[in-house]
Amino acid sequence: MRLAGFASESIVDGPGVRIVLFFQGCKHHCPSCQNPITWPFDSGTEVTIEQIDKLIQENSANTSGVTLSGGDPFCNLEDSIQVAKLIKNKYKLNLMAFTGYTYEELMDNAKEDPNYIELLKYLDYLVDGRFVLALRSISINNRGSRNQRVIDVKATLKSKDKIVFADRLMDMSFYN
Ligand code: SF4
């Protein structure tokens, strides 16, 4: 699999201090994206699941959880699922992901490819939607634009017909 980067102690990619894996490759090409170098699928660094396992192991002691970012982990489904399985089954860490797809688009895509649901099943939280420059805000934590939503994935999958939001997750007072 290909990664654009790795962070061992991020405070801007979800709640708490998190390990972040930035997948290489994104199809959305949002105007004014801050990370266009993550768009091509053939760039970044080739890594094995064993190397990722080692990185998580070395950094898991004091982490609040792991975030899959990009690029877009949902544009790298087979690799993201492999990593998500490792994080949940072996390390049992809180797992969240950022995607340029909306939750509704993920559900539509899942009709053709069940891997979309497979990855969702491993997630605790999802931040969805493309970056929209006109809706950019610096007053919302960990998101670029106001259209992007924080979703409680497990509660949403359970409810079947409504999306359960978890905006308080991004409010740092939640952890005080
Ligand atoms: S989804 Fe994210 S990485 Fe992809 S183009 Fe949009 S802002 Fe950039």
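Are any of the residues in the stretch 153-160 out of contact with any Pro (no Cβ under 8 Å at 6 or more places or on another chain) and under 27 Å from residue 34 (Cα atoms)?
yes
Which members of the stretch 150-161 meet the condition of being among the charged types (D, E, K, R) and surrounded by 12 or more Cβ atoms within 10 Å (Cβ to Cβ)?
152, 154
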- prompt: Taking the stretch 10-32 as the search range and keeping residues that are loosely packed, with under 13 Cβ neighbours inside 10 Å and at pLDDT 95 or above, which one is nearest to the ligand (Cβ to nearest atom)?
  reply: 29
- prompt: Looking at residue 96, is it touching a Phe, Trp or Tyr at 6+ places or on another chain (Cβ under 6 Å) and of a type in the set (A, V, I, L, M)?
  reply: yes
field: Matching residues, the stretch 68-85, being over 15 Å from residue 110 (Cα atoms) and charged (D, E, K, R)
entry: 72, 79, 85
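The values are calculated or read from the model by the stated rules, or taken from the named source; none is laboratory data. Here the structure is a predicted model, which is why all the values come from computation and not from measurement. Neighbour counts run over all protein chains shown; Cβ positions are idealised from the backbone, glycine included.
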